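A short write-up of the structure that comes next.
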Amino acid sequence: MIKIATIEDEENIRQEIVRYIKKGIGSIEGVEVDVYESAERYLLVGGRYDLVISDIELPGISGLELGKRIKETNPDVYLVFLTSHSEFASESYIIEAYQYILKQDLEFRLPGVAEQLIEKLQKQKKEFCIIKDGTEQVKLLYKDILYLYKSKGTKYVNYVTTQGVVRERTSLENALKMLNSRQFLLVERGYAVNIKQICRVSGDTIYLEKGYEVPVSKARLAEVKREINLYWRNS
C-alpha cells in the first residue's frame, strides 16, 4: 500500500488536489489518499506516509515547518509543496522537497508528479529481502537498510535498519549476493552501506541517516568515494 497525505486549508483546493492525484494514479491499485485541513490536524492524527503534498502557506504551523518535522521522523518521505508565490521555492529545497508546484499550475503539473512518484514508490516497495532472524522470517525493504556489518569471529550478519537491528546467520559475502544490488557498497572488510542512505563522506568515515557512522578501509577509500560521487551525479 502506498500512502499519500495532502494538507490544504481551502476546501476547493483540497478537492482539486485529490482529483489531480487520482488523475495521475489512473488505474494503479494499492494507493490510499488522506486529506487534512491543517498541519496541526496532520500531526495529531496522521501516520507514516510515503508522499506528503502540502500547501506552504498554512495557518498556524506552516507547510515548511511541517515538512521539517516530518523529515525528522521519516527521512525517506517524498515532500511536494504547493504555493501561490514562487519565492517560496528556494525555501522548500532547503528541506529536500522533491518538488514545488505553483497552485495555478496544479492541473498541468500535479498529475504527472503524482504518477512519477507512485511509480518510484512501487519500485522501491518491490526491492526487498527476507532474512531469517532466529525462528522468525523478516521482510526488509532495501530502502530501510542503513548498513550491514559482521563482527570478526561471529557467525551473524547484522542488518541495521531505520526500525532497528535484525541479524541472520550467514556471511557478509552471502548477504550481499542475496541482496544482489549495486545499492549496497562494501566499504570495509566487515561493513557494507546502503549508498542511498549516505549523507556525507569525511576522511575515512561515511555518515548515514539516523546519525550512524561507518569506517572505510584505506584500501577501498578511493573506489568507495568514486562510487558515491557517481551515484550522486546520476541520482
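Please report, in debye to the nearest 20, how large the charge dipole of the chain is about its Cα centre when each Lys and Arg carries +1 at its beta carbon and each Asp and Glu carries -1 there.
Values: 35 positive and 35 negative charges, 349 e Å.
About 1680 debye.
Within the straight-line cut-off of under 16 Å between alpha carbons, the aspartates and glutamates reachable from Lys126 are Glu29, Asp50, Asp76, Asp144, sequence neighbours fewer than 8 places apart in one chain being disregarded. Toward the positive end of the charge dipole of the chain, with +1 on the Cβ of Lys and Arg and -1 on the Cβ of Asp and Glu, the farthest Cα among Val193, Leu64, Val45 is that of Val193.
With runs of 4+ DSSP H residues as the only contributors, calculate the mean residue ellipticity of the chain at 222 nm using -39,500 (n - 2.57) per run, divided by the residue total and rounded to the nearest 500.
Working: 7 runs with 82 residues, N = 235.
When only DSSP H runs of four or more count, the value is -11000 deg cm²/dmol.
Listed by chain and number, the aspartates and glutamates whose C-alpha is less than 15 Å from the C-alpha of Lys22, apart from same-chain residues fewer than 8 away, are Glu32, Asp34, Glu107, Glu115, Glu119. Considering only Gln137, Gln116, Leu102, the residue lying farthest towards the positive end of the dipole of region 1-154 is Gln137, judged by Cα position with unit charges set on Cβ.
Which angle from 0 to 90°, rounded to the nearest 10, does the C-alpha axis of helix 221-234 make with the longest principal axis of the chain? Relative to the chain, helix 221-234 is tipped by roughly 20 degrees.
Since every read-out is calculated from the coordinates, none of them should be taken as a lab result. Every value quoted in this text rests on a predicted model; they were computed, and no experiment measured them. A quick note on method: Cβ atoms are made from the backbone with ideal geometry, for glycine too, and the neighbour counts reach across all protein chains shown.
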